[in-house]
Amino acid sequence: AQSVTQLDSQVPVFEEAPVELRCNYSSSVSVYLFWYVQYPNQGLQLLLKYLSGSTLVKGINGFEAEFNKSQTSFHLRKPSVHISDTAEYFCAVSGRSGNTPLVFGKGTRLSVIA
Amino acid sequence: DAGVIQSPRHEVTEMGQEVTLRCKPISGHNSLFWYRQTMMRGLELLIYFNNNVPIDDSGMPEDRFSAKMPNASFSTLKIQPSEPRDSAVYFCASSFLWAGEQKTKLFFGSGTQLSVL
């Protein structure tokens, strides 16, 4: 089974400042990793995913994440945030084989302050 | 494409009443997932289907919860009887076959906000 820990439940940051949202996972098998974003009163949307290859993954809206196998981490970063980035961000993991489902972390609420 | 469609958007009911949540997945998708979101527990997987067959229902909290997928274009999640602790946002999501290297992404509906008084 897989599990995900998002270390910060809330992250306030000023507009145009950089941000890092932390994610650690646990799994006994190889995994796929994902970040999803949820804007108020909406469902989740995929930001980016790591399936294989380069450990630095670029997603939509200027976000990127780096897979670190030795530290079992998949932190999300953006060099300069905008007010519109205010949302809930979810890290998720799935085992590579079979049909193991997507397991989500509890989320990190990013609040961008003008 | 209309995306994943859930109904109703909001449901307010009294304790003890039956509640039915509905989901229409994206056409052509053959994996469907029901998630529940609360402040305390985050996003929890309740059950998921591949090709209309339940694959894993270990997340269903108790016998009061049941889910069906009678065909590829429709699924229901039923709570009977409902209790105040069932209050949450319930999301439905669909994808192409969720298996092996085909695990790409889930498409989520907008959710049903359930309040049990």
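The values are calculated or read from the model by the stated rules, or taken from the named source; none is laboratory data. Keep in mind the model is a prediction, meaning the values are calculated, not measured. Cβ sites come from the backbone with ideal geometry, for glycine too, and all protein chains shown count toward neighbours. The accessibility values were calculated without ligands, DNA or RNA, using every heavy atom of the protein model including side chains. Shrake-Rupley method; radii C 1.70, N 1.55, O 1.52, S 1.80 Å.
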Practice prompt. Please name all residue pairs, on different chains or six or more residues apart, with Cβ atoms under 8 Å, provided the first residue is in the range A:61-85 and is over 26 Å from A:VAL29 (Cβ atoms) and among the polar types (S, T, N, Q) and the second residue is open to solvent by 70 Å² or more (accessible area, probe 1.4 Å) and at pLDDT 95 or above.
Written response: A:SER80/A:GLU16; A:SER80/A:PRO18
Fill in: Residue ID - nearest to B:GLY111 (Cα to Cα), chosen from residues in the range A:50-79 that are within 14 Å of chain B (Cβ to nearest Cβ) and buried (at least 19 other Cβ atoms within 10 Å of the Cβ)
A:TYR50
Discussion item. Can you go through A:VAL57, A:VAL81 and tell me which one is in a loop (DSSP other than H, G, I, E, B) and in contact with an Asp or Glu (Cβ under 7 Å, 6 or more places away or on another chain)?
Written reply: A:VAL81
Worksheet item: Of the residues that make up the range A:18-38, is at least one charged (D, E, K, R) and within 14 Å of chain B (Cβ to nearest Cβ)?
Response: no
Worksheet entry | Subset of the range B:9-41 [within 14 Å of chain A (Cβ to nearest Cβ), assigned to a loop (DSSP other than H, G, I, E, B) and open to solvent by 30 Å² or more (accessible area, probe 1.4 Å)] | B:ARG9, B:ASN30, B:MET39, B:MET40, B:ARG41
Discussion item. Is it the case, given these coordinates, that B:GLN6 is within 11 Å of another protein chain (Cβ to nearest Cβ), in contact (Cβ under 8 Å) with a residue 60 or more places away in the chain, touching an Asp or Glu at 6+ places or on another chain (Cβ under 9 Å) and within 30 Å of A:GLN10 (Cβ to Cβ)?
Written reply: no
